[in-house]
Amino acid sequence: MNDMSTPEWWRSAVIYQIYPRSFADSDGDGMGDLGGVIEHLDHLVALGVDAIWLSPFYPSPQNDAGYDVADYCDVDPRFGTLGQFDTLVERAHASGLRVIVDIVPNHTSSEHPWFREAVEAGPGSPERARYIVRDEPVNDWKSVFGGPAWSRMSDFGADDDQWFLHLFDATQPDLDWINEEVRAEFRRILGFWLRRGVDGFRVDVAHGLVKDLTGSDDHASSMLGANVDAETKRPMWDQDGVHEIYRTWHHVLGSYDGDRMMVAEAWVLDPARVALYVRPDEFHQTFNFQFLSARWDAKVLREVIYDTMDATLAVGAPMTWVLSNHDVIRHATRLALPPGQERRNGLGPDHPQPDANVGLRRARAATLLMLGLPGSAYLYQGEELGLPEHTMLPADVRQDPTFHRTGGEELGRDGCRVPLPWEADQPGFGFGPTGRTWLPQPASFAAHAADVQKERADSTLNMYRSALAIRRELDLGNGALEWLEMRDGVLAFRNGDTTVIANTGDDPVPLPDEIEVLIASGEVSADIPADTTVWMSRSAV
């Protein structure tokens, strides 16, 4: 069991993302829920993670899978009750697992009481001042989900023709973070969940709260590449004013015991800009999307790792690594795509389909590479089963607003959100008691089911379990990295007494003599094959 008293636990933690709709269903309606999470806590304990992060479970019309929040201080009946949430926190803590929850501060749902009040109150009212409302669109911005980023208040029942900003769906109006009432409300929301025992927050669109409305942007407001360097800032992302907000949040967390933490979803690609979010008085972590976006190439990966560590260590923060999440193509598929085709989301049946065997080999190798690095790491549910992207979802079952707002031009993120397979021989692969699933699962998921993998020593699930146990035993998360020079296509470093070698090239690499192989992502003998990572004793190189 994890030591729940470990100070600054987040510096080396492995955190498992749960997308509740797709994790496990306890009541048979086809949608995952908090009861399903409670029922499968033993899976997470056996896996060996330190904490879980729950994607939104709040009351919501589900126009964006819960990231359109109608009430920040309750549980949507689809997912359970506040009482079940409290039970989940209690049982997770008793099992040595900390609990992180999502906070969505950039926008509310159009069904949030605040927005309904804004619709009724009219122009110039304090209720409208909570949102970014103008007499007409003041810029040419586009929505991340496609189409204009401005909509009329009258489309939602107002008697006037004012317009409001929404960087995402029209049912997700952006809050105005210049407004002190907005700031005070979110400090209250943080306190509500902290008092219920949560250990931290993942902050959605952390780089988007402050906007420069005078800035023009002819392109769709993609979150990816919010700024590439200091000269290419975009007016809706990564404005300097966001940092003042998070300094106040850091103070709120610090007023509670238990070493609470925050992690930023900030799609910012310049490492120096990313590091601003993890200064000592702001976030404790920020996701490393450079690492997630990197192709399977030793030179590219080394550059990303080096730049990340150089910028992050300079401000005294830990590195935070991630390979998959609910917004991107699963890395068991993405890493097999040809260079230049690693799309952020939206792979479908009309795209060239990558080799599944290559994808799984690289996914396992990339995972061992990531877990061998010092710092913290995030796992996305199902990656421990080697799940690939479901690329064959028909149009009539897709639910992502990106798909619908672009008329199907962008397929969106449904392919990485398909319900998990727990039992190979059960309807719906054991996702719930009735076999119903809110998105259809491919037949190939049977081979990935958790019950099948538990029985196979060489399964991806058992590789994850072994790697996490070794990582904890050797304290790799708190280690220090020392680069080793190798030939092209090979990435190698020492972390403490452990050597990590990843072969991203096409040719085998000789395995050093007189070494102890601690774990490998694939079979090794005298050589380390292509698409394989090995951990070994320090005497290896």
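Some points to look at:
- Which of Met463, Leu337, Trp141, positive extreme of dipole for the chain (C-beta unit charges): Met463
- The distance from the alpha carbon centre of the stretch 466-509 to that of the stretch 259-311 is 19 Å, rounded to a whole number.
- Calculated FRET efficiency for the pair Arg195/Asp29, C-beta based, R₀ 41 Å, to 0.05: 0.85
- Glu303 versus Arg91: modelled label distance in nm, points set 7 Å from Cα along the beta carbon direction: 4.8 nm
- Here the gap between Leu82 and Arg187, fully extended at 0.36 nm per residue and compared with their Cα-Cα distance, gives a gain of 35.8 nm.
- Mean separation of Cα contacts under 8 Å (6+ apart) over length of the stretch 365-421, as relative contact order %: 29 percent
- Sequence of Leu337, Leu165 once ranked by neighbouring C-beta atoms within 10 Å, starting from the fewest: Leu337, Leu165
- The residues His107, His448, His40, His390, when put in order of fewest to most other Cβ atoms within 10 Å, stand as His40, His390, His448, His107.
- Full-stretch length increase - Ile515, His351 - with 0.36 nm per residue and alpha-carbon distance subtracted: 54.7 nm
- Amide proton proximity set for Asp102, modelled H, under 5 Å, gap of 5+: Leu54, Arg202
- Three-way shape label, the stretch 113-165, alpha-carbon gyration tensor, a/c 1.5: prolate
- Counted residue by residue at 0.36 nm each, then reduced by the alpha carbon distance between them, the extension gain from Asp475 to Val138 reaches 116.1 nm.
- Proxy reagent accessibility, fewest Cβ within 10 Å first, across Arg188, Arg273: Arg188, Arg273
- A Cβ-based charge dipole, computed about the Cα centre of the stretch 480-540 with Lys and Arg at +1 and Asp and Glu at -1, lands at about 220 debye.
- Check: the stretch 113-165 dipole with +1 on Lys, Arg Cβ and -1 on Asp, Glu Cβ, in debye: 260 debye
- Distance between the stretch 25-68 and the stretch 353-382 - C-alpha centres, whole angstrom: 22 Å
- Pair Asn179, Ser154: separation of 7 Å Cα→Cβ label points (nm): 2.2 nm
- Taking amide H as placed 1.01 Å from N in the peptide plane, Phe431 has its amide H under 5 Å from the amide H of Trp422, Glu423, each at least 5 places away in sequence or on another chain.
- Charged-residue dipole, Cβ positions (Lys, Arg, Asp, Glu), the chain about Cα centre, Debye nearest 20: 620 debye
A short reminder: the numbers here are calculations on the coordinates, not readings from a lab. Given the structure is predicted, the values throughout are model-derived calculations rather than measurements. Neighbour counts run over all protein chains shown; Cβ positions are idealised from the backbone, glycine included.
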